[in-house]
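Comments concern the structure below.
Just so it is clear, none of the values below were taken in a lab; they were calculated from the coordinates. All figures in this text were calculated on a predicted structure; none of them were measured in a lab. FYI the Cβ positions are ideal-geometry reconstructions off the backbone, even for glycines, and counts take in every protein chain you see.
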């Protein structure tokens, strides 16, 4: 089954924008796509003052994948906490089986459509999703190649290397770390962070520029340079002689 699992070094590190950029770039290339995010939290949080108006995660992913938001994220909560805690606060314990079944349904949808599945986790790799289920557990269950979204700035080396170590301990196939948002003129610190993660993490590191807005065209623009075909294990097309 063709697909990618997007996780992060923390919450708020750009997982959703990376996932949306992948979906948009794939669609622009004619690929059928399916998006899945097991749970969305923080829907009751007001936007930050002066922040650009971006839709909630599941609405953004739905828009670029051509899906209904409730089909992208079957579990949606108001408080900005882990899905497990949000479910407990709502008086609805969240069993492991429910999250796994929803993800398996997304896999079946992608297989029926002959498309590519992009799954975005919630929080970091070891964040709790449900009772006795972490994001890492879900990734192991789905057996999809893993992408790690990380900040480019101060502190990212430690967070990224720890996430890499955890992923590899659990046998996950890490295809790349993606630093996002990558500035047009990166600082010496940011350049050094990229090089250090490559050298100490023994991993490919790619970068995703800042998307100016959440439109499909803009997300496809920033996602078009990502080597998603290589991440999926595809060989680049070879030009045929005239």
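Key figures for this structure:
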quantity	calculated
Qualifying residue in region 97-110 (condition: more than 20 Å from residue 69 (Cα to Cα) and either in a strand (DSSP E or B) or over 15 Å from the mean Cα position of the chain (by Cα) (or both))	yes
Odd one out for residue 25 among (1) closer than 10 Å to residue 123 by Cα; (2) touching a helix residue (DSSP H, G or I) at 6+ places or on another chain (Cβ under 8 Å); (3) surrounded by fewer than 24 Cβ atoms within 10 Å (Cβ to Cβ)	(1)
Residue 35 being in a helix (DSSP H, G or I), crowded, with 24+ Cβ neighbours inside 10 Å and either in contact (Cβ under 8 Å) with a residue 40 or more places away in the chain or touching a strand residue (DSSP E or B) at 6+ places or on another chain (Cβ under 8 Å) (or both)	no
Filter result for residue 207 (under 15 Å from the mean Cα position of the chain (by Cα) and farther than 17 Å from residue 10 by Cβ)	yes
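Matching residues to (1) within 19 Å of the chain's Cα centre (by Cα); (2) assigned to a loop (DSSP other than H, G, I, E, B); (3) buried (at least 16 other Cβ atoms within 10 Å of the Cβ); (4) in contact (Cβ under 8 Å) with a residue 40 or more places away in the chain:
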position	(1), (2), (3), (4)
62	yes, no, yes, no
80	yes, yes, no, no
86	no, no, yes, yes
91	no, yes, no, no
